[in-house]
Amino acid sequence: VDVYLRGATAIDLSEHSAVALLRDRNLQAWGYNAQGQLGLGDEGDRSLPTDMIQPWRATAGVDGATEDVYAVGYTAAGYRTLAVTNTDDLYAVGNNGSCSALTQGTDSVKINTFTQMRKYAQDDNRGLTDLYYYNSDPNSPYVDNVVMAATGANHTMVLRNDGTIYSWGLNTRGQLGS
């Protein structure tokens, strides 16, 4: 029996791809990648688990010291993958086309390397009437204080460390809870 992945602690499946979190805190992905949802820097499919590009791994901390930042959770669906770090930051990769479900602050439809998720200002929600995320720090451009995330085909939800849930994206069936 061939084994291509060892040391996995969690796994999640999307329509045509998979993501695994390993004991060493690394993320690996494989499968269909036409939207860049594997976070490998390209749109090429992978038949074997491959290390995802994780820009948060080498984050400068206080006084220039390197802070040990790593993924503690992730979710994959709708041709996108989201990762939550131990510093409560949210990163995303993949399809951003459906109602800007990644809210990256970009018009790019495909994002093939993890990017820290940006929020839209309350006065500039880029035409989305169903954007319910409001940052606790109005001066920060990033989605903050996230301890868990979930994504569907056209929408995203986050659970913050204060127990509140925020959602954005398509809301044709009330899936945003509004």
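The values are calculated or read from the model by the stated rules, or taken from the named source; none is laboratory data. Just so you know, these numbers come straight off a predicted model, no measurement behind them. Reconstructed Cβ throughout: ideal geometry from the backbone, glycine too, with neighbour counts over all protein chains shown. The accessibility values were calculated without ligands, DNA or RNA, using every heavy atom of the protein model including side chains. Shrake-Rupley method; radii C 1.70, N 1.55, O 1.52, S 1.80 Å.
Things worth noting here:
- Cβ separations smaller than 7 Å between residues 6+ apart or across chains give the following pairs from the stretch 1-30 residues that are more than 20 Å from G44 (Cβ to Cβ) to residues that are open to solvent by 90 Å² or more (accessible area, probe 1.4 Å) and assigned to a loop (DSSP other than H, G, I, E, B): G7/R23; G7/D24; T9/R23.
- Residue list for the stretch 131-154, restricted to those being open to solvent by 40 Å² or more (accessible area, probe 1.4 Å) and either at pLDDT 80 or above or more than 23 Å from S17 (Cα to Cα) (or both): Y132, Y134, S136, D137, P138, N139, P141, Y142, N145, V147, M148, A150
- The residues in the stretch 1-30 that are at positive phi and aromatic (F, W, Y) can be counted, and the count is 0.
- Among residues of the stretch 155-165, those that are more than 17 Å from G78 (Cβ to Cβ) and surrounded by 17 or more Cβ atoms within 10 Å (Cβ to Cβ), counted: 2
- Options D107, D123: the member that is exposed (fewer than 13 other Cβ atoms within 10 Å of the Cβ), at pLDDT below 65 and over 26 Å from N161 (Cβ atoms): D107
- Of residues in the stretch 19-32 being touching a strand residue (DSSP E or B) at 6+ places or on another chain (Cβ under 7 Å) and farther than 19 Å from A150 by Cα, the one surrounded by the fewest Cβ atoms within 10 Å (Cβ to Cβ): R23
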